[in-house]
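Input: a single structure, listed below in structure tokens.
What follows is calculated from the coordinates using simple rules that are stated; it is not laboratory data. Not measured: the values here are computed from a predicted model. Heads up, the Cβs are rebuilt from the backbone with ideal geometry, glycines too, and the neighbour counts pull from every protein chain shown.
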Amino acid sequence: MPAKYYYQLPKKQGDTRHLGCLIGAAAAVECADIVERYQGLVVLITQDTHNALKLCDEIQQFSQNSVTMFSDWETLPYDSFSPHQEIISARLVNLYRLPTLAKGLLIVPVNTLMQKVCPADFLISNALVMHKGDKLSRENLRNNLDKVCYRHVEQVLEHGEYATRGALLDLFPMGSDNPYRIDFFDDEIDSLRTFDVDSQLTISEVEQINLLPAHEFPTDDKAIELFRSQWSEHFDVRLDPEHIYQQISKKIMPAGIEYWQPLFFNQPLSSLFDYLPANTLLITQDLAAAANRFWADTYQRYESRNVDPMRPLLPPDTLWLNSEQLNHALKTWPRIKISVEPVGQKAGNTNLPYLALPDLSISQQNKAPLDKLEQFIKNFAGRIIFSAESAGRRETVLELLARIKINPIKIKMLREANNPGFYITMGS
């Protein structure tokens, strides 16, 4: 991109920049460039899941940095069934890692962002997810352990303790059979080992630690007693065996129990914003209409479903951010708003020099079906990249191009197209 179109990234709380004319895959190009330039985590908030998946696929074509989707439960508000366990595990892994991420891109649809999540101290206390080679801030890890009342000791002997010695951090997680010794090289995990408490000698080296709770809320005896107590403050207690209260009292987790998870905590649920590192940069599409629509749909489902005495519902504001709360939270971070349409000429606004392609459609009825493409190629001196939806479609495109003596180079990632010429890839 020419230097005159170079724009400064916002860094201070509340600073906002608007980028316009992001046509086609231009949004993915810019997001990949922003992630490369920004020294911190970047969070891309999309209007819906379809846009999130599309941009995730496209950005991975351009970016060498980590690109992660934060999944929602894939259930509608107040559904009477639970998310799949793999979805729960993926969410817990992402939530656990999020506060310590120093680089990369997290993509989240706005409706998923509006859903409240478990308090961070619950997750830090009940989960441990690390892989050899992971980038991890030792200072952030120690701070998080202190916040959830892990004890800093000279030598780890019991659950809930950790010790530091130079590049080593010993940790005995709750629920683990053995403590772990984490060896750092700068802020990278160089090795992970289990060790014996008595001898302090290594038992075995492991590639990863993956200790996760089964739910996004606690289910131990203390949590169940808290649930019972808080249920009686909100709802009537019925004796019917199929009643939610009676099932939880018997330690049975009924389908859809996630929509009562606030009752398992003695503090309000958190938002995803509470997990973000302090130097996070937000990129947002136009979110207002999508957020308002989701909140209205959620409230309507609450009104229509809150009629079953066996399953009385908690109000939406205990489980989701409303539009006003979302907007307030967005304004507390540095942010870049992206738009297909041009933005007005004022401070903080930049219209980028992307242009839509002319009509290059194939006209099978014509004697020269690829005539429009041939004319475009004659007048264009840069790299030309063809994108196919699948391997089969790619072969079809290659057969068509061979008719006009064009043989593109097959590539997996768009950044492989370094020189002038023709390329073909599979992507969105």
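Before moving on, here are some points about what is shown:
- The alpha-carbon of K378 sits under 24 angstrom from the alpha-carbons of these lysines, leaving out residues fewer than 8 places away in its chain: K367, K405, K410.
- The stretch 283-354: C-alpha pair distances exceeding 15 Å, %: 67
- For peptides 92-99, 18-25, sequence by mean Cβ density within 10 Å, most packed first: 92-99, 18-25
- Pairwise FRET efficiency - K147 versus H234, Cβ, R0 = 45 Å, nearest 0.05: 0.95
- Gyration tensor (alpha-carbon) shape descriptor, the stretch 128-211, a/c threshold 1.5: rounded
- Span-like helix ranges in the chain, DSSP H, alpha carbon extent 15 angstrom or more, Kyte mean at least -1.0: 26-37, 49-62, 85-97, 391-402
- The modelled label-to-label distance between E188 and K367, using points 7 Å beyond Cα along the C-beta direction, is 6.2 nm.
- Counted over the stretch 128-211, the DSSP beta bridges are approximately 90% antiparallel.
- Over the chain, DSSP H runs of length four or greater, each weighted -39,500 (n - 2.57), average out per residue to a 222 nm ellipticity of -9000 deg cm²/dmol.
- Expressed as a fraction of 2.2 N^0.38 Å, the value expected for a compact globular protein of N residues, the C-alpha radius of gyration of the chain is 1.17.
- The aspartates and glutamates whose alpha-carbon is closer than 16 Å to the alpha-carbon of K251, local same-chain residues fewer than 8 away aside, are E216, D220, D221, E225, D240, E242.
- Those GluC sites (Glu not before Pro) in the stretch 343-428 that DSSP places in a loop and that have at most 16 other beta carbons within 10 Å: E389
- Under 10 Å, Cβ to Cβ, from T194 - net charge with Lys/Arg +1 and Asp/Glu -1: -1
- Chain lengthening between N419 and R165 when straightened (0.36 nm per residue, less Cα-Cα): 86.4 nm
- Summed residue charge, Cβ within 14 Å of L272's Cβ, Lys/Arg positive, Asp/Glu negative: 0
- Reach of K346 by Cα under 23 Å, taken over lysines that are not fewer than 8 positions away in the same chain: K4, K11, K12, K331, K337
- Share antiparallel - DSSP beta bridges, the chain, percent rounded to 5: 45
- Global form of the stretch 221-264, assessed from the alpha-carbon gyration tensor, a/c cut-off 1.5: rounded
- Whole-angstrom gap from the stretch 53-75 to the stretch 205-224, using each part's C-alpha centre: 26
- In the stretch 346-376, the trypsin sites (Lys or Arg not before Pro) that fall in loop regions by DSSP, at most 13 other Cβ within 10 Å: K346, K367
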